[in-house]
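A quick write-up on the structure given underneath.
The values are calculated or read from the model by the stated rules, or taken from the named source; none is laboratory data. Everything numeric in this text was worked out from a predicted model, so none of it was measured. With ideal geometry, Cβ positions are generated from the backbone for all residues, glycine too; neighbour counts draw on all protein chains shown.
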Ligand code: SAH
Ligand code: SF4
């Protein structure tokens, strides 16, 4: 593992990227086009120019990844100055950036306090693959759910991330990977979306995206906007533990690919592994999946299944999985369990995972076994938990140990 402290020298060619500061004015990142228009009106842009200026700004923010108003050559200097007085384009602060021996990168990002709260931290992970790369994005700091095999589930929920903060993870990744076009692209030029380092997004970081629905929706709509970040909805996957009432809204209002954290084929076991199952049992979850719009052979739901030794990995489980998913255009993703300190679960034996996969494959399902990536930097699925939370807990314990009994 290599731990790189964020340094200007390692920043992309565009130069040093400013980090968000609690005293900054509001950000323009995350605003919808109408909201951006309002911001421009407020900055003194004439009503008849708002549309054009909004389009220019959108292009600077999302297509070119501008972090400084001064760089916006096609916008008049006095307007750039007025915008810079009122708004920021700063990114979340990079607390640490870790690079795994397999090229996986993990960023711990700090977001300024909101209201009376305190600054919070969340992680994003970039997984490079041949000809593509996937960014795993967090939707919340912590999680209200308590899936028994998930490290994030042991962290108390702190808060939802805002649209700005969800998009901020993508912008930081593109900044750090040099994935925005170089500064010499002519204003207004189209930049191809193919060949980008971040070609896919999965909402599989910390948190339950469907419990932060509006912010996740608005962020993903901006990420998939063809005039900006341009990630096709086919390349964005929203993963849910099974918040059944929100699945139809996800289909209608977001329309990305869907992944379901199934992990068990019987309610008694799923109640333990994914406790939201007590509220929305398997049959209801699968009914919502069947009704997800636009499903066909090219647009399938991914069912995630974590392989836990002697818990859910029998061949009877595999057969039941195949039976349950009958009629749903589905992919099955077998995830070797990623252990974390203090967990009581173990990963299934490799031979058992393969036997399980063979059975599922024979039934006609593609069932890739997800290769664990970034294990040396605790970057794999379900291992994300903000370092500062751990430190704070440790500091608290140290502090408690110092307070004499009776005075605490
Ligand atoms: N809350 C959402 C998305 C984040 S979790 C959800 O539960 O779907 C992303 C995926 O990682 C989920 O499928 C989750 O079940 C899985 N996961 C969690 N902990 C894991 C672990 N320790 N090993 C392997 N996968 C894990
Ligand atoms: Fe939350 Fe997903 Fe982890 Fe469950 S698996 S605790 S829903 S992050």
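What the table below lists for this structure:
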read-out	value
Residue satisfying condition, being modelled with pLDDT of 95 or more and closer than 17 Å to residue 150 by Cβ, within set 270, 319, 290	270
Residue within the stretch 138-159 that is away from ligand 1 (no atom under 16 Å from the Cβ) and more than 16 Å from the chain's Cα centre (by Cα) present	no
Criterion: within 20 Å of the chain's Cα centre (by Cα) and in the same structural domain as residue 358 (by TED's automatic domain parsing) - qualifying residue of 328, 282, 276, 260	260
Among (1) farther than 22 Å from residue 365 by Cα; (2) under 24 Å from the mean Cα position of the chain (by Cα); (3) surrounded by 15 or more Cβ atoms within 10 Å (Cβ to Cβ), the one test that residue 341 misses	(3)
Subset tally (residues that are within 21 Å of residue 100 (Cβ to Cβ) and either more than 16 Å from ligand 2 (Cβ to nearest atom) or over 23 Å from the mean Cα position of the chain (by Cα) (or both)) for the stretch 351-371	3
Considering residues of the stretch 214-243 that are within 13 Å of ligand 1 (Cβ to nearest atom) and not in a loop (DSSP other than H, G, I, E, B) only, the residue nearest to residue 274 (Cα to Cα)	240
Filter result for residue 308 (within 16 Å of ligand 2 (Cβ to nearest atom) and in contact with a helix residue (DSSP H, G or I) (Cβ under 9 Å, 6 or more places away or on another chain))	yes
Residue 210, sole failed condition from (1) at pLDDT 95 or above; (2) within 13 Å of ligand 2 (Cβ to nearest atom); (3) not in a helix (DSSP H, G or I)	(3)
Residues of the stretch 244-278 that turn out to be more than 15 Å from ligand 1 (Cβ to nearest atom), under 30 Å from residue 223 (Cβ atoms) and not in a helix (DSSP H, G or I), as a count	1
